[in-house]
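*Asks:* Have a look at the structure that comes next, please.
The values are calculated or read from the model by the stated rules, or taken from the named source; none is laboratory data. In this text, all values refer to a predicted model and were calculated from it rather than measured experimentally. Cβ coordinates were reconstructed from backbone atoms using ideal geometry, including for glycine residues, and neighbour counts include every protein chain displayed.
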Amino acid sequence: MSAMSDAALQAEPATKARGYWATVGRRIVRDKVSMVCACILIAIFLSALCAAWLGLADPYQGSMIRRLYGGRLSLLVGILPVIFAFVIGTSLGLVAGYVGGKINTAIMRTIDVFYAFPSVLLAIAISGVLGAGIVNSIVSLTVVFVPQITRVAESVTTGVRNMDFVEAARASGAGPFTIMRVHMLGNVLGPIFVYATGLISVSMILAAGLSFLGLGTKPPEPEWGLMLNTLRTAIYINPWVAALPGVMIFAVSICFNLLSDGMRSAMDIRN
C-alpha cells in the first residue's frame, strides 16, 4: 500500500503555488490595455534616450526632431518628483501609521497644512519663490506630491499594523525599525506604488504648465511645456507642429493613468 501511494504521488504533476506578485504579473500581462500603454511608454522612453545616437538634427534648432529631444526633460521633470515623493512620503507614512500617537499627529497635521492649497497653486508658488529651472521644478513638484503619498502610506500602514504577523514580530522581540522595514514595508508598498504611478501623469502636466508659464525649464532647452509656449503663435500657421508637444504630453499622461488602473485591478486578487 505504501509503494502504491508513493507511485501515485510520483505520478501526480508537481504543482507549485504561485506567489502573489507572480499572479499580479500574469494578470497585468493579460491586460491588453496595460500592455499597449506599456509598449507606447517604452517606445517614447527609448526614442527620447537614444535620440542623440539616431543621427537626428540639432535639438536646439526649430524642427520636428526637437519634440523627440524634448521628451528627455519632460519625462525627467515628470518622473523624478514622484520618485522622490514616493521615498519621502512612504517613509513618513510608515512611521506615522505604525508609531501612532503624538508622532502620527505631528506628521499628519503638518501634511494637512499643504492640503489647504490646490496642487497647481502650490507648485506655482514654490517655483515662483525658488525661481525658474529644472532643479527648482523638481523640488516644487516633490513638495506637492509628498503629502498625498504620505496620507496613502499612513492609511495603508494603519490597516496593517495590528495584523497577526506584526503582533508575532513584536512578540519575538523585534524592534520598531525592524518590524517596519522587514515585516510591514513589503505589505504596504504595492498600493502606495500604484497610487504613485498614477501621479506621474499629474506631474507631467504640472511640469509642462510650469514651463509654459516660464517657471520651469529655461530656454533654449527643449522641453514639451516650453515648446507649447514658444509655438503658440504658430497655431494658425502650422497647427500640427504647434500642437505636437501637447499631444505627446497627453499621450504619456493617459498611458500612465491607464497603466496605473491596470496595476490596481491586477493587485485586487479578489476579482
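*Asks:* Would segment 247-262 turn up any residue that is surrounded by 19 or more Cβ atoms within 10 Å (Cβ to Cβ), over 16 Å from Leu141 (Cβ atoms) and touching a Gly at 6+ places or on another chain (Cβ under 6 Å)?
*Replies:* Checking segment 247-262: at least one residue is surrounded by 19 or more Cβ atoms within 10 Å (Cβ to Cβ), over 16 Å from Leu141 (Cβ atoms) and touching a Gly at 6+ places or on another chain (Cβ under 6 Å).
*Asks:* Return yes or no: is Ala153 surrounded by 14 or more Cβ atoms within 10 Å (Cβ to Cβ), touching a Leu at 6+ places or on another chain (Cβ under 8 Å) and either in a helix (DSSP H, G or I) or in contact (Cβ under 8 Å) with a residue 40 or more places away in the chain (or both)? Don't jump to the end; show me each part of the working.
*Replies:* Numbers: surrounded by 14 or more Cβ atoms within 10 Å (Cβ to Cβ): yes; touching a Leu at 6+ places or on another chain (Cβ under 8 Å): yes; either in a helix (DSSP H, G or I) or in contact (Cβ under 8 Å) with a residue 40 or more places away in the chain (or both): yes.
Yes, satisfied.
*Asks:* Just a yes or no: is a residue in segment 213-229 within 23 Å of Arg109 (Cβ to Cβ), at pLDDT 85 or above and in contact with a Ser or Thr (Cβ under 6 Å, 6 or more places away or on another chain)?
*Replies:* Of segment 213-229, the ones within 23 Å of Arg109 (Cβ to Cβ) are none.
Checked against the condition, which is being within 23 Å of Arg109 (Cβ to Cβ), at pLDDT 85 or above and in contact with a Ser or Thr (Cβ under 6 Å, 6 or more places away or on another chain), segment 213-229 yields no hits at all.
*Asks:* Could you check Lys218 against (1) free of Cβ contacts under 8 Å to residues at least 12 places away in the same chain; (2) out of contact with any helix residue (DSSP H, G or I) (no Cβ under 7 Å at 6 or more places or on another chain) and say which number it fails?
*Replies:* That leaves (1) as the condition not met.
*Asks:* Continuing with the same structure: What number of residues within segment 30-62 are surrounded by 12 or more Cβ atoms within 10 Å (Cβ to Cβ), over 19 Å from the mean Cα position of the chain (by Cα), at pLDDT 85 or above and part of a helix (DSSP H, G or I)?
*Replies:* The number of residues fulfilling the criteria is 0.
*Asks:* Of the residues in segment 208-229, how many are assigned to a helix (DSSP H, G or I) and closer than 16 Å to Met248 by Cα?
*Replies:* Keep residues of segment 208-229 that are assigned to a helix (DSSP H, G or I), which gives 208-212, 224-229.
If we keep only those that are closer than 16 Å to Met248 by Cα too, we end up with 208-209, 211-212, 224-229.
Residues meeting the conditions: 10.
*Asks:* Within segment 196-207, which residues are touching a residue at least 60 places away in the same chain (Cβ under 8 Å) and either assigned to a loop (DSSP other than H, G, I, E, B) or under 10 Å from the mean Cα position of the chain (by Cα) (or both)?
*Replies:* Step one: list which residues in segment 196-207 are touching a residue at least 60 places away in the same chain (Cβ under 8 Å), which gives 196-200, 202-204, 206-207.
Once the filter is applied, which keeps residues that are touching a residue at least 60 places away in the same chain (Cβ under 8 Å) and either assigned to a loop (DSSP other than H, G, I, E, B) or under 10 Å from the mean Cα position of the chain (by Cα) (or both), segment 196-207 yields Ala196, Thr197, Gly198, Leu199, Ile200, Val202, Ser203.
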